[in-house]
Amino acid sequence: MLSILGPKNGGFCDGVSRRNFLKIGSLGLGGIALPQLLQAEAQAGIRGSHKAVIMIFLPGGPSHQDMFDLKMDAPSEIRGEFRPIPTNVPGIEICEHMPQLAKLADKYTLIRSIVGASGGHDAVQCLTGRDMKNMPTGGWPSMGSSLSKLLGPVNKSVPPFVGLSPKMGHMPWADTGKAGFLGISQSPFKPSGNGQDDLVLNGVTLDRLADRRALLGSFDKFRRDVDSSGLMEGSDVFTEQAFGMLTSSKLLHALDLKNEDPRVIERYGKGDPKNRDDGGPKLMEHFLIARRLVEAGSRCVTLAFSRWDHHGKNFDALRQDLPLLDQGLSALIEDLHLRGLDKDVSVIVWGEFGRTPKINTGGGRDHWPNVSCALVAGGGLRHGQVIGSTDRMGAEAEDRPVRFGEVFATLYHGLGVNVNTASITDLSGRPQHLVENGLQPMREMI
């Protein structure tokens, strides 16, 4: 692992240290993943298209009937404490605690009838579109890994797949996406690695990172120091390209918010970097960093926001988190449109499952894999609509049940990838479809 040190006691506004934020995980040095990634990209060929997707995971399973599918005609023990408000699209209503998203309903699609959740308390299905059944050797790759393999990088200095999800008490929620049978060369670049077993570029601070001569000089010293151990033996052009990625300012610029307009930072808002219980922090900055990364050249960025597993005091927790999600997500959608990125960048927001219709004695809702919701924005898709519906209790899909794989097929369509013809090869040499056989992009959005 390789770390680029920031100023002593330096930190970002969200409390994450500069040292942590610029950490480069297992994709670091020759003989490991990054050179292999570059070699695979060269063999696969590189396209000029700059389509991208931002995948926002809400860990724990968000309460669909308290966000996007309120049931005002249901009994009080099911209906809950919130009321709906109208959006800028006639006939579409969402929760009163998301007024900014209500003003942008013409720019996204709500899916109220997601079915087929495996029930796992993890991000796997939201990252791969598949459950754990009939898994091939090595496991299903996440969308980011598939895109890295199929399309390669837009810019050699910016990884095609970046995972921002921070450390959490329940680490399956912090999954940024795995490469599965595609191998470690297609794994996500993780700017917030845990920093254990670091190989450090001694004497190189964040302030000196822009000084390429000093950095390359430090690399030369590093090379001399490790050559005797054989670590650099057999390095080739792809290792040199790996060093090129580390020395480029483009990735650093995308990750460092000091380069952003303060008014834009204020629009996205400031969250809370602390972990609570087993859930994740509320890093509003990640919404903005995701936009900056896709703008710089990443094809897929994953992030996880807060904790939504509210078995007790559900409404108290949502009164805190819904306004934050409302601000960060609305800022992202609005920003993509203002920058002309909405035709190329898709956004998907969802969790692993929904919540029980009936409120329990602790004022919470429990796990409910039967049905859940999702929000899709951008990607040049048709928006300003609701797809699917649930019954009066919000318990089952009543109209147009939608499977995870259908959403993935739609996202791939927005990325310019034909799920009927594109395939990736598993470890046995067998070509595999990107989604379950037969699943197609959702006709309502294309």
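What follows draws every value from the coordinates through simple rules; no lab data is involved. This one's a predicted model, so the numbers in the text were calculated from it and none came from an experiment. Methodologically, a virtual Cβ is constructed for each residue, glycine included, from the backbone with ideal geometry; neighbour enumeration extends over all protein chains shown.
Figure the gain on full extension for Arg382 and Glu77 (residue separation times 0.36 nm, minus the Cα-Cα span) and round it to one decimal in nm. Don't skip to the end; give the middle numbers.
Working: separation 305, 0.36 × 305 = 109.80 nm, distance 3.57 nm.
This chain segment gains 106.2 nm when fully extended.
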HN-Hα J couplings of region 358-371 from phi, Karplus 6.51/-1.76/1.60, θ = phi - 60°, integer Hz, Gly and Pro as x? 7, 6, 7, 5, x, x, x, 10, 9, 5, 8, x, 4, 7
Post the alpha-carbon centroid distance, region 111-125 to region 405-435, in whole angstrom. 19 Å
Among the lysines, which fall within straight-line cross-link reach of Lys313, defined as a Cα-Cα distance under 25 Å, with same-chain neighbours fewer than 8 residues apart omitted? Lys71, Lys167, Lys270, Lys274, Lys282, Lys358
For region 322-327, just list the computed ³J(HN,Hα) in residue order, Karplus coefficients 6.51, -1.76 and 1.60, θ = phi - 60°, integers in Hz, with x standing in for Gly and Pro. 4, x, 5, 4, 4, 5
Want the number for Asp391 to Lys167: 0.36 nm per residue separation, take away the alpha-carbon distance, what's left? 77.0 nm
Most exposed first, judged by fewest Cβ atoms within 10 angstrom, Phe315, Phe68, Phe82 run Phe315, Phe82, Phe68
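Would you list Lys250, Lys258 from fewest to most Cβ contacts within 10 Å?
Numbers: Lys250 14, Lys258 9.
Ordered by Cβ neighbours within 10 Å, fewest first: Lys258, Lys250.
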Under the Karplus relation with 6.51, -1.76 and 1.60 and θ = phi - 60°, whole-Hz ³J(HN,Hα) for region 302-317, x at Gly and Pro, equal 10, 8, 10, 10, 6, 9, 10, 9, 9, 6, x, 6, 4, 6, 4, 5
Please give the residues of region 95-129, grouped as numeric ranges, whose backbone N is less than 13 Å from a label point set 7 Å along the Cα-to-Cβ vector of Asp399. 112-113
Could you tell me the distance between the Cα centroids of region 299-371 and region 135-177, to the nearest Å? 20 Å
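What is the sum of charges around Leu375, taking Lys and Arg as +1, Asp and Glu as -1, for the other residues whose C-beta is under 11 Å from the C-beta of Leu375?
Working: positive: Lys107, Arg112; negative: none.
Taking every Cβ under 11 Å from that of Leu375, the sum is +2.
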Rounded to whole Å, sorted largest first: equivalent-ellipsoid semi-axes of region 254-376, Cα gyration tensor: 29, 16, 12
Fewest to most Cβ atoms within 10 Å: Phe181, Phe161 sort as Phe181, Phe161
Sequence-distant or interchain residues sharing an amide H contact under 5 Å with Asp175, placed H: which? Ala123
